[in-house]
1. Does C:Tyr254 fit the bill of being aromatic (Phe, Trp, Tyr) and in contact with a Pro (Cβ under 7 Å, 6 or more places away or on another chain)?
2. What's the total number of residues in segment C:306-338 that are away from every other protein chain (no Cβ under 12 Å) and either buried (at least 16 other Cβ atoms within 10 Å of the Cβ) or not in a helix (DSSP H, G or I) (or both)?
3. Residues of segment A:277-286 being more than 10 Å from every other protein chain (Cβ to nearest Cβ) and either within 11 Å of the chain's Cα centre (by Cα) or surrounded by fewer than 24 Cβ atoms within 10 Å (Cβ to Cβ) (or both), which ones?
4. Consider segment C:127-142. How many of its residues are free of Cβ contacts under 8 Å to residues at least 24 places away in the same chain and surrounded by 23 or more Cβ atoms within 10 Å (Cβ to Cβ)?
5. Given the options B:Gly167, B:Gly110, B:Gly136, B:Gly141, name the one that is touching a residue at least 12 places away in the same chain (Cβ under 8 Å), surrounded by fewer than 16 Cβ atoms within 10 Å (Cβ to Cβ) and either within 11 Å of chain A (Cβ to nearest Cβ) or within 19 Å of A:Val219 (Cα to Cα) (or both).
6. Quick one: A:Leu196 ticks every box in (1) in a helix (DSSP H, G or I); (2) free of Cβ contacts under 8 Å to residues at least 60 places away in the same chain; (3) surrounded by fewer than 16 Cβ atoms within 10 Å (Cβ to Cβ) except a single one, so which number is it?
7. Within segment A:137-184, how many residues turn out to be within 7 Å of chain C (Cβ to nearest Cβ) and in contact with a Gly (Cβ under 9 Å, 6 or more places away or on another chain)?
8. Being in contact with a Cys (Cβ under 8 Å, 6 or more places away or on another chain) and polar (S, T, N, Q) is the filter here; which residues of segment A:42-88 pass it?
Amino acid sequence: MTTRVEQALPPRRRDLAPILLVPLVALAALPLVGSLSTWVTLTLAGLAMGMIIFIIASGLTLVFGLMDVLNFGHGAFISIGAYTAAVLAPSLSGLIRADSLALNLIALLALIALAMAVTGVLGYAFERIIIMPVYRQHLKQILVTIGGLIVAEQIIIAVFGPVLIVLPLPTAFRGSLVFGDIAIERYRLIAVVVGLVIFAAMVLILDRTRIGLLIRAGVENGEMVEALGYHIRRLFAGVFIAGSALAGLGGVMWGFYREALTPGMGMDVMVLVFIVVVIGGLGSVGGCFIGSLLVAVVANYTGFLAPKLALGSNILLMALILLWRSRGLYPVAKR
Amino acid sequence: MSERAPLLTLNGVNTHIGPYHILQGVDLEVPRGALTMLLGRNGAGKTTTLRTIMGLWHASAGSVRFDGADITAWATPDIARAGIAYVPENMGIFADLTVRENLLLAARSGPIDAARLRWIFGLFPALEKFWLLAAGVLSGGQKQMLSIARAIIEPRKLFLIDEPTKGLAPAIIANMIAAFHELKKSSDTTILVVEQNFLFAKSLGDAVAVMDNGRVVHAGAMTALVADRDLQQRLLGLSLDRNQ
Amino acid sequence: MSILRAILSGDPPRGRPLALVLTAIFVGLAFAPLLFPGIGALNVAAKICYFVVLAASYDLLLGYTGVVSFAHTMFFGIGGYGAGLALYDLGPSWSSILIGTGAALLVAIALALVIGLFSLRVRAIFFAMITLAVANAFSILASQLSSFTGGEDGCTFRLPELLRPGFRLVAGPFAISGRLISYYLVFFAALILFLLMLRIVNSPFGRVLQAIRENEFRAEALGYRTMVYRSIGNCLAAAAAALAGVLSALWLRYTGPAVTLSFDIMLDILLMVVIGGMGTLYGAVIGATIFVLAETYLQSLMAALNHATEGLPLLPLLFHPDRWLLWLGVLFVLSVYFFPAGIVGGLQKRR
């Protein structure tokens, strides 16, 4: 008796256009760049940079997606992650200085794990103390998390001083791999691997586990998740811890990339992070991934083709994307 | 606590939403193993009553007792885990999740029981057909079926269902009535349904309570209300849409 | 009294303590050259003046329209660069100041309009992020176009003769120097701008803005075109910020990214408005005064504390004179939670 209704159902279709965007931009850039080897180098470097940006931004979009909280404090966790690595690196100097990829990787993973632990714990405290009282109040959230950012940055300055701190790259990560005319920095390859692992893990968890189901359901209708018998506040705390730990991970990767840390480094990169999540669609992990790659390759191409424009390319890209889809590439349901 | 004690008892429940005083002393008993219809005109406080039972709004005075425990101040998830399933007025479907994932989440204690799932598919064949589709693309009636299926995916002591017929075509309502008859066959089921559609309520209800102005103004057996035209006129003339 | 009420647009400070504090600030600024001799103190007083205008204009957005913008320093910078570059390129004359100010106003209002049309329809969070990105791009632009703006180093310029420090209108013991004239130019301009803004928020237009902040849907349902009102509010705030930028350029005889465009200044304005009290322009006065004073004098107080706690663990680190911003940050967070009406709210309650 419901057949008429059933036939009227639209087939479920995947929204592929944003996924095609990066390859399309890359193809369009090829004739402009001219030389194939230069183009490959630019594209690979851009994709790798995009991975680093994704790692940094993923936690922010995750937290925003579920909790509807825009956390400016994310920048502080990026800095704290990087500083944790800088503090602990000397005690692993044996592993870091060794000219062995395996030992270097062990050191990197150890630093990442420790930085994530530190930022995860701090994230829990931040959620309880700073964020919990202002759920659902956007204006206050923005103000309070900015306040948290100021305080955290000042504490970093108090402890480490306002000066530059050096975080040397492990020996085997230095230099570039060269294939004919194409060169790619080794560290960028590491970043690609880390970024892909994070992305795959996030997608798998969101798609295949009960926690992931709960997060996706909570994004849509937190009240109904509670009525089904799940404590959404615990879920919030867990996701916030994960988001902060991801910021810490991003801080480590970003710190090694720059090899020099400043207390304001987290806030400095937040502008880029915001552009990426706005492009991707606030709260969307897949959109954040595509947005990161897009921003990075476009910046690379414009840097090569029109260096004067390079600094503005992010904003230009954001404006174009918003003209096409006013809520970003993958707008999250409900918002 | 005898077997005949009501499963759910509301005693002088008051609920405020912002500046508004919605429930003004609700007294309600929901007997075990029966289907109780909660009737009343728009704004009488029916939905607020269900939400207060679920802990989605907290009573400012009065008490809610469920199966011997005072759940007035409990958090919503704890109330759900005490054995109450809730189908909200807007159905609360997770549109981005598939039909399967919606049901997976509702089955708290682990994998879905295969026999029970077959029984649910028997009640609502559409769910089997669209098993792997995003719930957001279902029609209104199918969403309502999914919402009810989500509530009954595991045995619960009490089902709270808010206007299951709202916005549905008559053919689908008939389908829904059949499903509820089937649901009532399992002897242990206690159901509280908020309804505006008297035909629907009449054909299913064992007991009935009528609300007006944030209070329960009449409670008794459905048969008595169906038999008593004067009472119907007095209570439902103002409480029900006579076109139905 | 009624004249005073009229000057204050019928919105005088409520409560005696608030009135006393504001009177003290007014008197302190009006007679600063007499009360606090010394070039350092006069610098502080002038800085308070133009930051009052800047903070008040930001409050038009944050407190009265309920949107968080991070592009406010951009408009401040446009004013500073407008006046500065005109004086530098066209020579130190009054007409240069006028041309620079006019150009800055045009650019600021046009930009505010574009940003508003682009993003005011969306949620507060979106607006915050987009304005942050735009402001960042503008600041990079200003640093990059070094042949035009002086780049990172900024640009130093000369003022019309009347305003130069070396100028003497009256010599002798009661000297009236160009510096003094500059100060009073800044002071009165700031005063007039502040009173104008007070007039705006108390006009029917200002009340509609507040209605929109409280309940956008209802305001729209009542027939107000919320987009139009918000855009006008946005433009007015941008114009006022640009004028504050002009004042700062005139006083400093310098303009550059660090003193006008940096994100640090954006945070400073936020601190001023929130600590002073959102949604009451008087809060901006108190916030700006406290902030500039703290920035200047809290450091010496903390140096003393730092000295006193020497030998204790950690405390000397936290009381280091450079940590004043840490404490203001803590105060900021506490204000958002516990005193959403800021200091003004506190002073009003104890009526």
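Since every read-out is calculated from the coordinates, none of them should be taken as a lab result. Note that this is a predicted model, so its numbers are computed, not measured. With ideal geometry, Cβ positions are generated from the backbone for all residues, glycine too; neighbour counts draw on all protein chains shown.
1. Working: aromatic (Phe, Trp, Tyr): yes; in contact with a Pro (Cβ under 7 Å, 6 or more places away or on another chain): no.
Criteria not met by C:Tyr254.
2. Taking segment C:306-338 and keeping what is away from every other protein chain (no Cβ under 12 Å), we get C:307-313.
Then drop every residue that is not either buried (at least 16 other Cβ atoms within 10 Å of the Cβ) or not in a helix (DSSP H, G or I) (or both), which leaves C:309-313.
Looking only at that region, the number is 5.
3. Applying the first criterion (more than 10 Å from every other protein chain (Cβ to nearest Cβ)) to segment A:277-286 yields A:279-281, A:283-286.
Hits for segment A:277-286 are A:Val285, A:Gly286.
4. Start the filter on segment C:127-142 by keeping residues that are free of Cβ contacts under 8 Å to residues at least 24 places away in the same chain, which leaves C:129-130, C:133, C:137, C:140-141.
Cutting the leftovers down to surrounded by 23 or more Cβ atoms within 10 Å (Cβ to Cβ) gives us C:129-130.
Result for segment C:127-142: 2.
5. On the way: B:Gly167 fails: either within 11 Å of chain A (Cβ to nearest Cβ) or within 19 Å of A:Val219 (Cα to Cα) (or both); B:Gly110 fails: touching a residue at least 12 places away in the same chain (Cβ under 8 Å); B:Gly141 fails: surrounded by fewer than 16 Cβ atoms within 10 Å (Cβ to Cβ).
Answer to the selection: B:Gly136.
6. (2)
7. Count: 8.
8. Listed by number, the residues that qualify are A:Ser58, A:Thr61.
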